[in-house]
Number of protein chains: 2
Amino acid sequence: MDPDALSKAFVEHYYSTFDTSRAGLANLYQETSMLTFEGQKIQGSQNIVNKLTSLPFQQCKHTITTVDCQPSGPAGGMLVFVSGNLQLAGEQHALKFSQMFHLMPTAQGSFYVYNDIFRLNYA
Amino acid sequence: MDPDALSKAFVEHYYSTFDTSRAGLANLYQETSMLTFEGQKIQGSQNIVNKLTSLPFQQCKHTITTVDCQPSGPAGGMLVFVSGNLQLAGEQHALKFSQMFHLMPTAQGSFYVYNDIFRLNYA
């Protein structure tokens, strides 16, 4: 699978999981994974999922505007840079966001999220 | 220097160079460096600077809103994620942008930009 197709597939899987069952994101992170969410630094799969599942909204829908990817170096990682809109249930206007993921290969030939940085761009 | 201070210093240096003398950015890239600029992929220091110096505006001013950083792995790299505003000379409204850099250490103990992804977030 070429990097662009792989990153698009990852992004679709990530946000559809986020929008339907946030706890399912735990499989995409490992103990060394880092999330910086609106400036707050969190490490480890369970802590990251605890953060994401405790966000103060029940339902949301991500819509992707752009996905860019680049290889991150000889270790086989991939950088994925996303921009899009986040619609929260009950809110009139969607929020713009941008997010980057650094995907690293697992021993099983899949990828996990090593770095994750999320920011809202208040429009 | 701690990673947060280092990334802030890099970001200030990068955008002040961009806003005063874009050609000076050549020193921050190497032959293996990648830029994805609004979806267009460019590789190598000279090609990247050719792209940046040929953008269709003479003067601009970046204002930084947020800077986040995370270590990218055992190779000593650092991911820097930026959001901000870009004011073009003669335009009434600033454009929002987000950009990520993957900084890698040089043999001389400094850093260069290995990955660079830039997107405007049309507000």
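Quick one: label points 7 angstrom along Cα→Cβ at B:Gln87, distances to the other copies in nm, smallest first?
Distances between equivalent label points, in nm: 3.5.
Tell me the per residue accessible area of the protein assembly as shown using a 1.4 Å probe; a whole number in Å² is fine.
Per residue, the protein assembly as shown has an accessible area of 48 Å².
Give me the net charge for the shell around B:Gln99: Cβ to Cβ below 12 angstrom, other residues only, Lys and Arg +1, Asp and Glu -1.
-1
Taking amide H positions as placed 1.01 Å from N in the peptide plane, with prolines and chain starts having none, which residues 5 or more places from B:Asn121, or on another chain, fall under 5 Å of its amide H?
Sorted by chain and number, the residues that satisfy this are B:Lys96, B:Phe97, B:Ser98.
Could you work out the relative contact order of chain A, using alpha carbon pairs under 8 angstrom and six or more residues apart, expressed as a whole percent?
24 percent
To the nearest 10 degrees, how steeply does helix A:3-20 sit against the main Cα axis of chain A, on a 0 to 90 scale?
40 degrees
7 Å from Cα along Cα→Cβ at both A:Gln30 and A:Lys51: what's the point-to-point distance in nm?
In this crude label model, A:Gln30 to A:Lys51 measures out at 1.9 nm.
Using every alpha carbon pair in the stretch B:48-116, what percent of pairs falls into each 10 Å bin from 0 up to the bin containing the largest distance?
The percentages, shortest bin first, are 18, 38, 31, 11, 1.
Can you list, shortest first in nanometers, how far A:Asn27 lies from the same residue in the other copies, with each label 7 Å from Cα toward Cβ?
4.9
Over the Cα atoms of the protein assembly as shown, how large are the radius of gyration and the largest Cα-Cα distance (Dmax), in Å?
For the protein assembly as shown, the Cα-based Rg and Dmax read 17.7, 54 Å.
Once you've got the Cα coordinates, tell me which of A:Lys61/B:Lys41; B:Lys41/B:Lys61; A:Lys61/B:Lys51 are over 27 Å apart.
With Cα atoms farther than 27 Å apart: A:Lys61/B:Lys41; A:Lys61/B:Lys51.
Between B:Glu12 and B:Gln40, how many nm apart are label points set 7 Å from Cα along the C-beta direction?
3.2 nm
Between copies, how far apart are the A:His13 label points? List them in nm, one decimal, shortest first, with each point 7 Å from Cα toward Cβ, please?
Distances to the matching label points in the other copies: 3.8 nm.
Given a 1.4 Å probe and no ligands, DNA or RNA in the count, how much accessible surface is buried by B and A, both sides, to the nearest 100 Å²?
Chains B and A together bury approximately 2400 Å².
Peptide B:74-85: average number of partner chain Cβ atoms within 10 Å per residue?
Mean partner-chain Cβ count within 10 Å for B:74-85: 3.
Given the -39500 (n - 2.57) contribution per DSSP H run of 4+ residues, what per-residue ellipticity at 222 nm results for chain B, rounded to the nearest 500 deg cm²/dmol?
Helices in chain B give a 222 nm mean residue ellipticity of -7000 deg cm²/dmol.
Leaving ligands, DNA and RNA out of it, work out the accessible area of A:Phe118 with a 1.4 Å probe and give it in Å² to the nearest 10.
Approximately 10 Å² of A:Phe118 is accessible to the 1.4 Å probe.
Could you state the per residue volume, in Å³, of the convex hull enclosing the Cα atoms of the stretch A:3-120?
Per residue, the Cα convex hull of the stretch A:3-120 comes to 98 Å³.
About the Cα centre of chain B, what is the dipole size in debye to 20, counting +1 per Lys and Arg Cβ and -1 per Asp and Glu Cβ, all else neutral?
Rounded to the nearest 20 debye, it is 260 debye.
Of the heavy-atom accessible surface of the protein assembly as shown (probe 1.4 angstrom), what whole percent is carbon and sulfur?
Carbon plus sulfur share of accessible area: 52 percent.
The values are calculated or read from the model by the stated rules, or taken from the named source; none is laboratory data. Since we're looking at a predicted model, the values are computed, not measured. FYI the Cβ positions are ideal-geometry reconstructions off the backbone, even for glycines, and counts take in every protein chain you see. To get the accessible areas, we keep the full protein, side chains included, count just its heavy atoms, and leave off ligands, DNA and RNA. Shrake-Rupley method; radii C 1.70, N 1.55, O 1.52, S 1.80 Å.
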